[in-house]
Amino acid sequence: MKAYEPDLQIVVAFRKLPKSVWSLPTKGTINLHASLLPDYRGAAPINWAIINGETKTGVTTFYINDQLDTGLIIYQESVEIKENELAGELHDKLSEVGGDLVLKTAEVIQKGQPSLKEQTQISNPKKAPKINKADCRIDWHDIVDNVHNFIRGLSPFPGAWTTWQGTNIKIFRTEKENNQVIEQPGTLLPLKSQLKVAAKDGCINILELQPEGSRKMDSGSFLNGFSIPAGSRFE
C-alpha cells in the first residue's frame, strides 16, 4: 500500500487496522461507524441498538487512531429506529445515509476544512460487542418489550432462536401484545393462522420463523405443517 502513496483511506465494517496501515495516508484514515459514537463502540452496533430498545441511532465518520472507535469525530447523522424495524432493515437504511456521509467527509477533508470534535467522555458508554450463537437464545421469561426487541435486533442475522421438541427454531419477525396471559412463559398459543407465545407480561405474535432444516415461513404455514400438542412450550 505504501507504494500507492495514498492521500486518504476510508474504512467501513473492517477489523482494527495496525498503525502502520492507518497512519500511512497523508490526510489520515477515516472510518464509518453505524452508531452515534461514543455509544455502541464495537462489532455489532446496529444489533445492540435495537436489542436495547433505542428509538434513535445514526452513523459517524471519524479519524482512526490506535484505540477502537475512539478517534476524532468529523460528522454524525441521526436516524430514527421504528418500533418494528429489523436489524437488516436498519442496516440498509444506515448504509444509504452512511454512503452520503462518507462522500461529504471526503470532500471536506480534500478541502482541508474538517471541523473535528473529541468524543464525549461518558462514564458508562453503551457497548456493542460481537454476538455469538449462544447469545441469541430467546428468554421467554423476559418482558414482552425485551423479547420483541431481542428478536428484531438479531433479524435476519445471526437470528434469534429457541427450541421446540428438540428442534432449533429461528424467529425473524414478531409483534408484541402487552395483554396479560396466565400461561407459563414459552407456552405456544395457536389461534387459527396465528401463533402466539406467552412471555412474562404478555405474548409475542410470531410472524416469520424457520424450523431447522426448513425454509422460512409465516406462522400459518408452520401451523399447517406441524401438530402442536396442548401445553407445548418453546424453551
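The values are calculated or read from the model by the stated rules, or taken from the named source; none is laboratory data. Treat the numbers as computed from the prediction; the structure is a model and nothing was measured. Neighbour counts are summed over all protein chains in view; Cβ atoms, including those assigned to glycine, are modelled from backbone coordinates with ideal geometry.
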With the first residue restricted to the stretch 18-45 and required to be polar (S, T, N, Q), and the second required to be in a loop (DSSP other than H, G, I, E, B) and surrounded by 17 or more Cβ atoms within 10 Å (Cβ to Cβ), Cβ contacts under 7 Å at 6 or more apart or on different chains are THR29/ILE64; ASN31/ILE64; SER35/ALA128
Scanning the stretch 180-191 for residues that are outside any strand (DSSP E or B), at pLDDT 90 or above and either in contact with a Cys (Cβ under 8 Å, 6 or more places away or on another chain) or surrounded by 15 or more Cβ atoms within 10 Å (Cβ to Cβ) (or both) gives GLU183, PRO185, GLY186
Among (1) under 30 Å from PHE62 (Cα atoms); (2) in contact with a helix residue (DSSP H, G or I) (Cβ under 7 Å, 6 or more places away or on another chain); (3) not in a loop (DSSP other than H, G, I, E, B), PRO114 falls short only on (3)
Taking the stretch 71-90 and keeping residues touching a residue at least 40 places away in the same chain (Cβ under 8 Å), within 20 Å of the chain's Cα centre (by Cα) and assigned to a loop (DSSP other than H, G, I, E, B) leaves ASN84, GLU85, LEU86
Flagged pairs (Cβ under 7 angstrom, 6 or more apart or on separate chains; first in the stretch 178-191, without any contact (Cβ under 8 Å) to a residue 60 or more places away in the chain and within 18 Å of ASN224 (Cα to Cα); second among the hydrophobic types (A, V, I, L, M, F, W, C) and outside any loop (DSSP other than H, G, I, E, B)) are LEU188/LEU195; LEU188/VAL197; LEU189/VAL197; LEU189/ALA198; LEU189/CYS203; PRO190/LEU223
Check: Is one or more of the residues making up the stretch 127-134 more than 19 Å from ALA49 (Cβ to Cβ) and surrounded by fewer than 17 Cβ atoms within 10 Å (Cβ to Cβ)?
Finding: yes
Flagged pairs (Cβ under 6 angstrom, 6 or more apart or on separate chains; first in the stretch 140-156, under 19 Å from ASP92 (Cβ atoms); second among the hydroxyl-bearing types (Ser, Thr, Tyr) and not in a helix (DSSP H, G or I)) are ILE151/THR174
Note on the stretch 47-70: residues buried (at least 22 other Cβ atoms within 10 Å of the Cβ) and not in a loop (DSSP other than H, G, I, E, B) are ASN47, TRP48, ALA49, ILE50, THR57, GLY58, VAL59, THR60, THR61, PHE62
Within the stretch 91-110, identify whether any single residue is without any contact (Cβ under 8 Å) to a residue 40 or more places away in the chain, farther than 21 Å from LEU36 by Cβ and in a loop (DSSP other than H, G, I, E, B), and answer yes or no.
no
Per the list (1) farther than 13 Å from TRP140 by Cα; (2) crowded, with 17+ Cβ neighbours inside 10 Å; (3) at pLDDT 95 or above, residue check on CYS203 breaks on (1)
Restricted to the stretch 118-146 and to residues being of a type in the set (Lys, Arg) and touching a Phe, Trp or Tyr at 6+ places or on another chain (Cβ under 9 Å), the residue nearest to LYS196 (Cα to Cα) is ARG137
Scanning the stretch 144-179 residue by residue, those assigned to a strand (DSSP E or B) and in contact with a helix residue (DSSP H, G or I) (Cβ under 6 Å, 6 or more places away or on another chain) turn out to be ALA160, TRP161, ILE171, THR174, LYS176
Across the stretch 63-88, the tally of residues that are touching a strand residue (DSSP E or B) at 6+ places or on another chain (Cβ under 9 Å), acidic (Asp, Glu) and under 19 Å from PHE14 (Cα atoms) stands at 1
### Query
Does GLN76 fit the bill of being among the polar types (S, T, N, Q) and either surrounded by 16 or more Cβ atoms within 10 Å (Cβ to Cβ) or assigned by TED's automatic domain parsing to the domain that holds ASN149 (or both)?
yes
